[in-house]
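The values are calculated or read from the model by the stated rules, or taken from the named source; none is laboratory data. All of these numbers come straight from a predicted model, not from anything done at the bench. Because the Cβ atoms are built from the backbone with ideal geometry, glycine has one as well, and the counts that use them run over all protein chains shown. Heavy atoms of the whole protein, side chains included, go into the accessibility calculation; ligands, DNA and RNA do not. Shrake-Rupley method; radii C 1.70, N 1.55, O 1.52, S 1.80 Å.
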Amino acid sequence: MTDAALSDPQTTLVLGGAASGKSAFAEQLVLGLCDRPVYIATAQAFDTEMTAKIDVHRARRGGGWTTVEEPLDLAGAIAGADADDAVLLVDCLTLWLSNLMAAERDIEAETARLIQAMQDVQGRLVLVANELGLGVVPENAMARAFRNHHGTLNQAVAAAADRVIFVAAGLPLALKGSLD
């Protein structure tokens, strides 16, 4: 990878723990690139708590965003919203993975489709994901499977991304590429 690719990344992965500030950081990053970004939302409001969380995200973003809600076909949503001048924000891969598992989708195949969409993107793409591998080992098999799938997903996306940023306590740290 060239220095130019690192200083002008086409794809960025923003990682962090729950409530770390990763989404707000990613939103500001995207707004620094264009005036009318596209927000690809993977969340589904199955209960009042998630509805409230989605409302907070919408209010923080304001009205300048075009929102595409897609809980399963993320590769298709990226391809459908992409253009040379597009700046796309996917929030978040963690919820997308949860949706895939609940729908009993082939995680490996969907991850491969996502990586291909990342490689084919013409505009700019910022993806947000939780970092789950820093905590304790879950006690049940389903939670361990989710954690393992999530770690594999994050590794694949990080390998394909031009830049990877980790956010903790609202502070960004460049893991791959630079913050510039």
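Some values worked out for this structure:
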| item | result |
| --- | --- |
| Cα gyration tensor shape of the stretch 105-180, rounded if a/c is under 1.5, else prolate or oblate by comparing a/b with b/c | oblate |
| Dipole moment magnitude, nearest 20 debye, the stretch 46-143 about Cα centre, only Lys, Arg, Asp, Glu C-beta charged | 340 debye |
| Exposed-loop-free span, longest in the chain, where GluC sites (Glu not before Pro) count as exposed if DSSP calls them loop and at most 11 other C-beta atoms lie within 10 Å | 1-103 |
| Within a Gaussian network of the chain (alpha carbon springs, distance under 10 Å), most fluctuating of L29, L15, L134 | L134 |
| 14 Å beta-carbon shell around A86, net charge (K/R +1, D/E -1) | -3 |
| The stretch 27-180 - percent of accessible surface contributed by carbon and sulfur, probe 1.4 Å | 53 percent |
| At q = 0.14 Å⁻¹, base-10 log of I(q)/I(0) for the stretch 41-143 (Debye sum, equal scatterers on each alpha carbon) | -0.62 |
| Where the chain is the region considered: accessible area per residue in Å², 1.4 Å probe | 51 Å² |
| Residue with peak Gaussian network fluctuation, the chain [Cα springs, cutoff 10 Å], from V128, V137, V87 | V137 |
| The chain - charge dipole about Cα centre, Lys and Arg +1 at Cβ, Asp and Glu -1, debye rounded to 20 | 420 debye |
| Whole-number percent relative contact order across the chain, with pairs defined as alpha carbons under 8 Å at least 6 apart | 35 percent |
